[in-house]
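Comments concern the structure below.
The values are calculated or read from the model by the stated rules, or taken from the named source; none is laboratory data. Computed from a predicted structure; not experimentally measured. Because the Cβ atoms are built from the backbone with ideal geometry, glycine has one as well, and the counts that use them run over all protein chains shown.
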4 protein chains.
Amino acid sequence: MAGNSFGTLFRFTTWGESHGPAIGVVVDGCPSLLSLTEADIQPWLDKRRPGQSRYTTQRQEPDQVKILSGVFQGQTTGTPVSLLIENTDQRSKDYSEIAAKFRPGHADYTYWKKYGIRDYRGGGRSSARETACRVAAGAVARKVLGEGVSVRGALVQIGPHKVDRSRWDWAEVDNNPFFCPDPQAAAEWADYLDGIRKSGSSIGAVVEVVASGLPAGLGDPLYDKLDGDLARAMMTINAVKGVEIGNGFEAATLTGEQNADEMRAGPSINNGLGEPEFLSNQAGGILGGISTGQDIVVRFAVKPTSSILTPRQTVDLEGKDTDILTKGRHDPCVGIRAVPVGEAMMACVLADHLLRQRAYARG
Amino acid sequence: MAGNSFGTLFRFTTWGESHGPAIGVVVDGCPSLLSLTEADIQPWLDKRRPGQSRYTTQRQEPDQVKILSGVFQGQTTGTPVSLLIENTDQRSKDYSEIAAKFRPGHADYTYWKKYGIRDYRGGGRSSARETACRVAAGAVARKVLGEGVSVRGALVQIGPHKVDRSRWDWAEVDNNPFFCPDPQAAAEWADYLDGIRKSGSSIGAVVEVVASGLPAGLGDPLYDKLDGDLARAMMTINAVKGVEIGNGFEAATLTGEQNADEMRAGPSINNGLGEPEFLSNQAGGILGGISTGQDIVVRFAVKPTSSILTPRQTVDLEGKDTDILTKGRHDPCVGIRAVPVGEAMMACVLADHLLRQRAYARG
Amino acid sequence: MAGNSFGTLFRFTTWGESHGPAIGVVVDGCPSLLSLTEADIQPWLDKRRPGQSRYTTQRQEPDQVKILSGVFQGQTTGTPVSLLIENTDQRSKDYSEIAAKFRPGHADYTYWKKYGIRDYRGGGRSSARETACRVAAGAVARKVLGEGVSVRGALVQIGPHKVDRSRWDWAEVDNNPFFCPDPQAAAEWADYLDGIRKSGSSIGAVVEVVASGLPAGLGDPLYDKLDGDLARAMMTINAVKGVEIGNGFEAATLTGEQNADEMRAGPSINNGLGEPEFLSNQAGGILGGISTGQDIVVRFAVKPTSSILTPRQTVDLEGKDTDILTKGRHDPCVGIRAVPVGEAMMACVLADHLLRQRAYARG
Amino acid sequence: MAGNSFGTLFRFTTWGESHGPAIGVVVDGCPSLLSLTEADIQPWLDKRRPGQSRYTTQRQEPDQVKILSGVFQGQTTGTPVSLLIENTDQRSKDYSEIAAKFRPGHADYTYWKKYGIRDYRGGGRSSARETACRVAAGAVARKVLGEGVSVRGALVQIGPHKVDRSRWDWAEVDNNPFFCPDPQAAAEWADYLDGIRKSGSSIGAVVEVVASGLPAGLGDPLYDKLDGDLARAMMTINAVKGVEIGNGFEAATLTGEQNADEMRAGPSINNGLGEPEFLSNQAGGILGGISTGQDIVVRFAVKPTSSILTPRQTVDLEGKDTDILTKGRHDPCVGIRAVPVGEAMMACVLADHLLRQRAYARG
């Protein structure tokens, strides 16, 4: 059934296949009077765009976004913002291999079982190409969040190699092709990933996204909790297999004493600003499904690209045993390009909850 | 805003506070002509019920469920099933301590910031007592899933101590107070948790839930993916900080070769049954957001109970520094009782998606 | 599927059958810090309560409402408000007649076709008894709307007999058993309806509901237009067959010149209040699906009670021809008691849209 | 907030302004394996297309639809169907008049109050041009309904002039520019409407839409009743002010005896087909919010076009009194072109409920 929309007040709907004429997103529920032009959206698309380093797919897509509605004289009007991105590099090739066989780890088999038909060209609807639409929606969401809010992502792990958090520097994220906040790790990852790439293999990764500058009070328990919505948001990104808030799975190993985020009145409250300070952020900025006003911290695990050059066992449409290897242009670590996608999804969740919260603001 | 409902076709809405007169759940979208009595629901509530071992809170609640609507002559009628559970052991005590202070790790502060008022008695709405309603809804969902589907949960980790999967035996889960599938681990956990309990501390845990017997095709990409809905479902359970599908975060460390779930025609397809077999289940039974027909495997991390006997620093309502320690009846490992809750949430997600899928069934 | 909820931000869910132990409603999305006790709700239920004159059913139900959650120390907490009304006068009688036959005009046949089972006692879920839950939800909605907003209903037509609008006096509405704003019409209706009642017949009616004091800007075009939501709201009330906004069907007979609601700056705008004045209200306070700030005017037609003493032809469960006449306690004009129900539904729609609008308020 | 989507399982989202580059609709929840090409959609758009007679606006729009996604090799894939229609005849003209003044009866004032900005060119989002998207979605909905279901509309009243139902002939609907089923009325309307048109005035109308061939059981009481959804659907069409099901407002004047749709076993049930026959259809095919299997009959009133050549009093953006008359290309009776729009909305509601019902089909 209809499942291509996300959000309640700030809601977007995406459409399009990897090798169709275009992909797009309709952003509904955007407040009016926000300044918005293609130039506000394009940089975020460029960040996600393929073919920018040897570590991502060599498909060449300009990903030029067009605003088709919802903006008048440079400002949003409160009506749906329709964004369109044409597909230009739909390489004409022989799809008979993947048309007739199910690629392990891909959605080929499940789409076939569910729909009885699939647009196999480049993965069709299940292609990560769709995430460009998420990034475009996220750019609009950032306008809703405003200048005081930052939503930043970073790659914190490739395969077994994690960043050293003592070296974390947000400024480094744009200085390497991995969105890595630790320059030393980035250098090591380059070698490691070259090896993966040259062998025709692929590797998993972990992405972390942090939002700062948001008020306490976002989230609608018990089933529209902020963390619940973030978990759903991240888990719907291609290849994501796990989501954590704050210390996440590490919380399972801690005692109540270790896990408590203690509070102090602190200078701000003494200055009459009314906000206590937390001495730690194990909770990742969310308690009881509601934001605390601290940084909101989400991490998600991305599995290795399923398209690899080593043959894997599978079956064909007739149910016969066969092998498949996936040639073509693929990301050796699809987790890299998931960074701007994770940012975008977080921005969309936060924009939705910020508007929800405003509906209940007390004078 | 309204956030106390879960599901689309099979949708439930919960209400009630820890120390109000009752809690309850309205299950809407339940098919008609299912046999349903209180006796179908009560055993699942009993499984979650507090006070059954020294490892869970000593609050005594019979958790006796009453069906108030939606059932006629022992069968569901297709109208809303209203289930009510009275609160009986609302111990009369002095709440002035938690009324005036924010307990670290609890939702006290965030509810206060969001709503400007909170029912502090026993945590009010944010109390894990509400999970009884989830379990009741889950019992109805199991009726929708039918006898051929099993949804089973187990505790697989307490603090740093994991089960040995080579000893996994579902039959053992009901033989120990931990829902532990590994009897040797259960024995070790008993000692470990006694120590935690006696020291007035608490500890985190990991729960695994597995569903078997479901067809391929469940899930509505791209935003109502089955794994997205499961992630949201689990993350809305009290104290949950992370969710994984299949190999989850481990996928980040694997290569594409390692992570591929290869397929073979296998005996069933040769017998004309039409279903290939997977040689592994790294994906946890979900590809592209759609079920593969394999076991669906979800794990979630539960943080340690925030109520501990060691004083923690906090602030009071006036914003002054103070300390708090939480006396009373608490679970040293709230993860234990999260097992039947996780089962219930999974059953509800699956019932919803099973009905969704039927809407699109091809003749 | 799940269809027993109404509203988006201010959302209520009703449950219960005419002859079950109780009926109830869960109001979710109610803002916190509103004062709310049973005494705020009971008067509205009393207005709808049966057995208050010879013109409504003689079923005796105290319709005593209990608040089970969502209120703490007399104020709403932002969590779901669960309201319960016990059924007390479920007259024990022989239901074999209506159990085995389909009453024309009732939902007997369609519930049977849809669900394959029905609680035939008193109409089960399709009984107008459920409207008590709507009225209870409406009482909460009025709290959201605040003191400055009035939502008032009146009966404007019984059978062919309409009120004379030149005699309209809101103060008269509570002075007669018909909620009639025209005392002379009320007197005539009394005689007319006595005749209907004594003959065991029934008659249709038209209800008008008017909301005053609301700002311009409510409604979310194009599919959540305020008039669209009002139309749905009213059409879901038992026995309603038509809904009009403003001049409604009369608009079909007018020219553009006649139908235009012209505007003048008027005194308020000259006083710097910024609001122009409309010289008429053909549109019923809604243009393009958005409120104008004028009175919002809705009318709906209620069909005659289907339960009558004259035998009607029907079939039984075995598909054999038979006749049926409906004894028992019935409203000769069910439209009368639809007045407080229409008010309640309008209050709920407006509360929802008022909260929606606040989410987008500009500073 | 987001309000540009309609439907639950079969859901569409429209976007676009009258004078933007394009308008479009995303149809989500369409079953797979339906044959669908532009040729299936275009004829319905052509039926609604302006400029086809002197009785509709002379704006020339080819309304050529393009399918951008969701179809592969001529069949739907189950993914969103994105349909795009370019705006070609955005006549370059001076908009300063309507930019600075509020046209009575139009949405100018309310959009301004709600959003603080409006695309005044041709009415922007509130233009009836958007209904082309509804018609496109309706064409897809017809595919879901299948060949056995017909959804047909007709104009049954212009101003005070109604059709004579004894002369009703569906075959005549396409033989005159009014979609009038009564050829004699059509001839009279031609003269009448020429007078209206030449005087620069406009007139209201009533549209009737009838669906045949649907099973009993569609509709989800109590708040997703089939008639509730139809009422909302029709009321969201531009200029609609009233909606009726079956005998509608006439029901207010009838007794229970007159209004009863009696049932007989009839020949079909005697032949073992199991369906009784109704002797009349006062209810318009819906009882208790659920379809009976009879024809579903909806009527709606369309107000006169607000754009007329006679000056009307209004205010300008500065709040000063002024006059306005609307030059340009307008429909003297916008109700005519509402016929295919009403059909489309009914088809969409029915497709949604047909899928909902399938989810609960009993074996």
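Taken together, the residues in region D:167-195 that are among the aromatic types (Phe, Trp, Tyr) and under 20 Å from the mean Cα position of the chain (by Cα) amount to 3. Being surrounded by fewer than 24 Cβ atoms within 10 Å (Cβ to Cβ), in contact (Cβ under 8 Å) with a residue 24 or more places away in the chain and farther than 30 Å from B:Tyr115 by Cβ holds for only one residue in C:Glu86, C:Glu97, and it is C:Glu97. Could you please let me know if C:Gly123 is within 12 Å of chain B (Cβ to nearest Cβ) and touching a helix residue (DSSP H, G or I) at 6+ places or on another chain (Cβ under 8 Å)? Answer is yes for this residue. A Cβ distance below 6 Å, combined with a sequence gap of six or more or placement on separate chains, defines the contacts here; from region D:294-307, residues that are surrounded by 24 or more Cβ atoms within 10 Å (Cβ to Cβ) reach residues that are part of a loop (DSSP other than H, G, I, E, B) and of a type in the set (Ser, Thr, Tyr) in the pairs D:Pro304/D:Ser202; D:Thr305/D:Ser202; D:Ser307/D:Thr326.
From the list B:Gly16, B:Gly74, B:Gly24, B:Gly78, the one residue that fits, being away from chain A (no Cβ under 14 Å), in contact with a Ser or Thr (Cβ under 7 Å, 6 or more places away or on another chain) and buried (at least 24 other Cβ atoms within 10 Å of the Cβ), is B:Gly78. Of the residues making up region C:38-54, none is touching a helix residue (DSSP H, G or I) at 6+ places or on another chain (Cβ under 9 Å), surrounded by fewer than 24 Cβ atoms within 10 Å (Cβ to Cβ) and within 10 Å of another protein chain (Cβ to nearest Cβ). Scanning region B:1-48 for residues that are closer than 28 Å to B:His330 by Cα, part of a loop (DSSP other than H, G, I, E, B) and touching a residue at least 40 places away in the same chain (Cβ under 8 Å) yields a count of 5. A:Cys133 passes every criterion in (1) away from chain D (no Cβ under 14 Å); (2) assigned to a helix (DSSP H, G or I); (3) under 16 Å from the mean Cα position of the chain (by Cα) apart from (1). Going through (1) away from chain A (no Cβ under 14 Å); (2) under 24 Å from B:Ser306 (Cα atoms) one by one, B:Tyr109 falls short only on (1). Of all residues in region D:232-241, none satisfies being farther than 14 Å from C:Leu230 by Cβ, in a strand (DSSP E or B), small (Gly, Ala, Ser) and within 15 Å of the chain's Cα centre (by Cα).
Residue by residue through region C:292-339, note down the ones that are out of contact with any Phe, Trp or Tyr (no Cβ under 7 Å at 6 or more places or on another chain), among the polar types (S, T, N, Q) and at the interface with chain D (Cβ under 7 Å from one of its Cβ atoms). Answer for region C:292-339, where residues must be out of contact with any Phe, Trp or Tyr (no Cβ under 7 Å at 6 or more places or on another chain), among the polar types (S, T, N, Q) and at the interface with chain D (Cβ under 7 Å from one of its Cβ atoms): C:Thr305, C:Ser306, C:Thr310, C:Gln313.
Taking the criterion of being basic (Lys, Arg) and in contact with a Pro (Cβ under 9 Å, 6 or more places away or on another chain), the residues of region A:54-107 that qualify are A:Arg54, A:Arg59, A:Lys66. Each residue in region A:215-228 was checked for being within 7 Å of chain B (Cβ to nearest Cβ) and not in a strand (DSSP E or B), and 8 of them qualify. Scoring B:Gly256 on the criteria (1) at pLDDT 95 or above; (2) under 30 Å from the mean Cα position of the chain (by Cα); (3) small (Gly, Ala, Ser); (4) buried (at least 22 other Cβ atoms within 10 Å of the Cβ) leaves a single failure, condition (2). Quick check on region C:262-273: of everything there that is facing chain D (nearest Cβ under 7 Å) and surrounded by fewer than 24 Cβ atoms within 10 Å (Cβ to Cβ), which residue is modelled with the lowest pLDDT? The qualifying residue modelled with the lowest pLDDT is C:Ile269.
Looking at region C:190-204, which of its residues are within 8 Å of another protein chain (Cβ to nearest Cβ) and in a loop (DSSP other than H, G, I, E, B)? Result: C:Ser201, C:Ser202, C:Gly204. Screening D:Val207 against (1) surrounded by fewer than 24 Cβ atoms within 10 Å (Cβ to Cβ); (2) farther than 28 Å from B:Thr8 by Cβ; (3) more than 8 Å from chain C (Cβ to nearest Cβ); (4) in contact (Cβ under 8 Å) with a residue 60 or more places away in the chain leaves a single unmet condition, (1). Restricting the first member to region C:213-228 and to residues that are without any contact (Cβ under 8 Å) to a residue 24 or more places away in the chain, and the second to residues that are hydrophobic (A, V, I, L, M, F, W, C), the beta-carbon pairs closer than 8 Å and six or more apart or on different chains are C:Tyr223/D:Phe6. Inspect all residues belonging to region B:143-156 and state whether any of them is among the acidic types (Asp, Glu), touching an Asp or Glu at 6+ places or on another chain (Cβ under 8 Å), outside any strand (DSSP E or B) and away from every other protein chain (no Cβ under 11 Å). Checked region B:143-156: no residue is among the acidic types (Asp, Glu), touching an Asp or Glu at 6+ places or on another chain (Cβ under 8 Å), outside any strand (DSSP E or B) and away from every other protein chain (no Cβ under 11 Å). Among the residues of region C:124-181, those that are of a type in the set (D, E, K, R) and without any contact (Cβ under 8 Å) to a residue 60 or more places away in the chain comprise C:Glu147, C:Lys162, C:Asp164, C:Arg165, C:Arg167, C:Asp169, C:Glu172, C:Asp174. Among the residues of region D:229-250, how many are of a type outside the set (D, E, K, R), more than 7 Å from every other protein chain (Cβ to nearest Cβ) and free of Cβ contacts under 8 Å to residues at least 24 places away in the same chain? Qualifying residue count, region D:229-250: 0. The sole residue among C:Gly105, C:Gly146 that is surrounded by fewer than 21 Cβ atoms within 10 Å (Cβ to Cβ) and at positive phi is C:Gly146. The combined condition, being closer than 30 Å to C:Ala359 by Cα and touching a Pro at 6+ places or on another chain (Cβ under 7 Å), is fulfilled by D:Asn4.
Evaluate the following for A:Pro62: is it part of a loop (DSSP other than H, G, I, E, B) and either surrounded by fewer than 21 Cβ atoms within 10 Å (Cβ to Cβ) or modelled with pLDDT of 90 or more (or both)? So A:Pro62 passes the test.
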